[in-house]
């Protein structure tokens, strides 16, 4: 017996059919099926190599071209192509040629995808012309290649408005994650957002965001302009539980609290309440304090324990403000590099804010990061009487000034011990119903609560340059655009037309 006498063709066909049947019965045994299919491919290719002369002579016969044997040859070729396509579809190789390897998944993401306990459906509401369409499509394809438990569907909210209405979609470029009755929404196609949503939805226990009450804070159930009902709905869609607590009645912050929020208190927070908040943070709790100017909250002693101070006056910015709006309607676009701000692509609208200070001596054990700043052409106005504002070198505080800051301890806690964190923002209006749907506002608030509530392993995912870099003009830039687009360009067109008309009249 020689090599040519072995029935490689028959063995290859049997192995190919056996692998296909095995995969249909046990798709989880992909490794064994792949080995069988590779063996089948080798046998079939070996058959054609060993019998090449016979196949060439056989295929040239007139009777072969019209006979049963030609069908057999076609089937053998089809088997080879089928096996190659099967192996390519199950073990596809993709190359990431984007800038900064934007679509190469981080090791943390691969760990999350490998450990998914159940199926997850992802519905992306976007249009082909939207800025996030390609980013969602390419990044989620990478996710789908890494896990068979993901189902991805793209829906155009304009072409299928009923489905968008059913999901309550009010903004394009929104991805909805669904699994085991839970729903989480993502507003940006960044890896941190998508992986964080997968991590949250794969867990049965929801994290709890608790808002303190009893000091005339903004109401979660209020659907008017100054209420927080839209913010509450957004947190629920992110997969959190949202509740309230009165520290005047409770002896301590509830143990199941993931993030404690002080949403614009107007009355004094008592010393006993401050002690309970401090004890909660010291045990590894997370605090988000939204403190407006011209309020007597009495929070200074509590914040001073971490080196944080609340600056006097109201922030005024002649440059980064809402065009044609009040000088105190800040349109902040200057952010410090931080996990909270790394994926922000839109300016944040802060109406009527105060600035934050930091005492390095009092907060020597804490890492202080000013998240957002006003421009250099700004200051803290201490006298707003008559609404005529101008910088006073003796009374006012010259900018740029931070109006949001994050704190985390310098010392890494022991393994298994929760790590405390504090975020202080000198404004609570930006999260109210009147302003929450401003793109930068919702993103900043959800990023902040996400950083305070999320597992720390996601923070290690390296930030990547966003594909979308929107341009939001300040008042000066808006005037320049007005003069160029509305006056200069039409005037140039008119003058050119007159010159061409006069030249043709002379011909």
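The values are calculated or read from the model by the stated rules, or taken from the named source; none is laboratory data. Values in this document were obtained by computation on a predicted structure and should not be read as measured data. Ideal geometry is used to build each Cβ from the backbone, glycine not excepted, and the neighbour counts take in all protein chains shown.
Hey, does the range 387-399 have a residue that's touching a strand residue (DSSP E or B) at 6+ places or on another chain (Cβ under 7 Å), modelled with pLDDT under 85 and assigned to a loop (DSSP other than H, G, I, E, B)? Yes, because at least one residue in the range 387-399 is touching a strand residue (DSSP E or B) at 6+ places or on another chain (Cβ under 7 Å), modelled with pLDDT under 85 and assigned to a loop (DSSP other than H, G, I, E, B).
Listed by first and then second residue, the pairs with beta-carbon distance under 7 Å, at least 6 apart or on different chains, first residue in the range 143-170 and under 19 Å from residue 190 (Cα atoms), second modelled with pLDDT under 85, are 145/92; 145/94; 146/105; 146/110.
If you check 221, 241 for being without any contact (Cβ under 8 Å) to a residue 40 or more places away in the chain, under 22 Å from residue 446 (Cβ atoms) and in contact with a helix residue (DSSP H, G or I) (Cβ under 8 Å, 6 or more places away or on another chain), only one passes: 221. Inclusion of residue 336 among residues that are touching a strand residue (DSSP E or B) at 6+ places or on another chain (Cβ under 6 Å), at pLDDT below 95 and surrounded by fewer than 18 Cβ atoms within 10 Å (Cβ to Cβ) is warranted.
Do we have residue 253 as crowded, with 18+ Cβ neighbours inside 10 Å, in the same structural domain as residue 438 (by TED's automatic domain parsing) and part of a loop (DSSP other than H, G, I, E, B) here? Yes, satisfied.
Taken over the range 273-300, the criterion of being free of Cβ contacts under 8 Å to residues at least 24 places away in the same chain and either more than 18 Å from residue 380 (Cβ to Cβ) or surrounded by 14 or more Cβ atoms within 10 Å (Cβ to Cβ) (or both) is satisfied by 275 alone.
Matching residues to (1) crowded, with 16+ Cβ neighbours inside 10 Å; (2) touching a helix residue (DSSP H, G or I) at 6+ places or on another chain (Cβ under 8 Å); (3) part of a loop (DSSP other than H, G, I, E, B); (4) at pLDDT 90 or above:
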residue: 86; (1), (2), (3), (4): yes, yes, no, no
residue: 105; (1), (2), (3), (4): yes, yes, yes, no
residue: 109; (1), (2), (3), (4): yes, yes, no, no
residue: 131; (1), (2), (3), (4): yes, no, yes, no
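All of (1) closer than 24 Å to residue 141 by Cβ; (2) in contact with a strand residue (DSSP E or B) (Cβ under 8 Å, 6 or more places away or on another chain); (3) modelled with pLDDT under 90 hold for residue 199 with one exception: (2).
Looking at the range 326-335, is at least one residue in the same structural domain as residue 295 (by TED's automatic domain parsing) and either touching a helix residue (DSSP H, G or I) at 6+ places or on another chain (Cβ under 7 Å) or closer than 30 Å to residue 413 by Cα (or both)? Yes, the conditions are met somewhere in the range 326-335.
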